[in-house]
1. Show the residue pairs that are 6+ apart or on different chains and have beta-carbon atoms under 9 Å apart, the first residue being within the stretch 147-166 and among the aliphatic types (A, V, I, L, M), the second being assigned to a helix (DSSP H, G or I) and surrounded by 15 or more Cβ atoms within 10 Å (Cβ to Cβ).
2. Can you tell me which residue within the stretch 58-81, out of those that are in a strand (DSSP E or B) and of a type outside the set (Lys, Arg), is farthest from Leu130 (Cα to Cα)?
3. Could you give me the residue pairs with C-beta distances under 8 Å whose first residue belongs to the stretch 175-189 and is on the phi > 0 side of the Ramachandran plot, whose second residue is assigned to a loop (DSSP other than H, G, I, E, B) and crowded, with 17+ Cβ neighbours inside 10 Å wherever it lies, and which are 6+ apart or on separate chains?
4. Considering the stretch 72-115 alone, what residues qualify as being among the β-branched types (Val, Ile, Thr), touching a Phe, Trp or Tyr at 6+ places or on another chain (Cβ under 7 Å) and more than 19 Å from Lys126 (Cβ to Cβ)?
5. Within the stretch 124-158, which residues are over 18 Å from Lys38 (Cα atoms), surrounded by 14 or more Cβ atoms within 10 Å (Cβ to Cβ) and at pLDDT below 95?
6. Looking at (1) part of a loop (DSSP other than H, G, I, E, B); (2) free of Cβ contacts under 8 Å to residues at least 24 places away in the same chain, which is the only condition Glu18 fails?
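The values are calculated or read from the model by the stated rules, or taken from the named source; none is laboratory data. Not measured: the values here are computed from a predicted model. Cβ atoms come from the backbone with ideal geometry, glycine included; neighbour counts cover every protein chain shown.
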Amino acid sequence: MNDTVVLGFPKSYNHLLEKCHEIGFTMPSDLYIGSLLKTLISSKPGSNILEMGTGMGLSLSWMIDGMDVNSKITTIDNDPQLIEIATGFFDHDTRANIICTDGSTWIRDYKGNKFDLIFADAWPGKYSELDEILELLTVGGIYIIDDMLAQPNWPKGHDDLVNELIEKLENRDDLQLTKLNWSTGIIIAVKK
């Protein structure tokens with residue numbers, strides 16, 4: 001098996017990648033996590049999805065591509081420039097709700113329906129507000145985080161935060177957890 005052959009690229013993916021290079025965005029989501037997200041979302045028709053950390057919308061492109069017509073996604077980022085780019089690519093899709101706000105505040109204030117899949121690709125919902133975000137997950141819902149393997153752009157001491165997060169997740173009895181030493185390091189958890 002050759003896992004370097006990735007199939008089913010979203011139509012907007014290459015344009016988004018070009019935009020990353022154009023503005024010097026150095027934290028694009030990994031290609032493999034996008035493919036995995038698309039596959040997992042395809043298994044959940046009619047789902048309510050949350051992404052914390054829209055960035056420019058690379059992962060969002062994969063997730064939208066995997067969604068059926070009855071699914072919807074809310075994606076949060078606090079960077080107005082990045083949200084403007086993502087909105088330019090996805091605002092036409094009525095299934096997508098793209099919000100520019102502080103993620104921590106949004107998580108604490110959210111009172112809507114729970115989510116069937118949460119991709120936490122930002123500090124809020126991953127390193128902060130972990131208990132709160134997991135409360136927003138349905139039973140059988142999937143929680144996904146990436147960048148659990150050392151990255152060249154990590155600040156000093158970030159590996160300690162990663163290890164603390166992994167330990168917190170391992171010690172929860174309400175999650176079924178799988179850790180993958182693949183891509184940028186992925187943890188997939190399902191709420192019991």
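1. Met148/Val162; Met148/Leu165; Met148/Ile166; Leu149/Val162; Ala150/Val162; Leu165/Leu130
2. Restricting to residues being in a strand (DSSP E or B) and of a type outside the set (Lys, Arg), the top hit is Ile73.
3. As it stands, the answer is Ser183/Asp30; Ser183/Asp146; Gly185/Asp146; Gly185/Asp147; Gly185/Met148, since those pairs meet every condition given.
4. Within the stretch 72-115, just Ile98 meets the criteria.
5. Passing the criteria: Met148, Leu149, Gln151, His158.
6. If we test Glu18 against (1) part of a loop (DSSP other than H, G, I, E, B); (2) free of Cβ contacts under 8 Å to residues at least 24 places away in the same chain, just (1) comes out false.
Yes/no matrix, rows are residues, columns are (1) assigned to a loop (DSSP other than H, G, I, E, B); (2) of a type outside the set (S, T, N, Q):
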site: Glu51; (1), (2): no, yes
site: Met56; (1), (2): yes, yes
site: Ile83; (1), (2): no, yes
site: Gly112; (1), (2): yes, yes
site: Met148; (1), (2): yes, yes
site: Gln151; (1), (2): yes, no
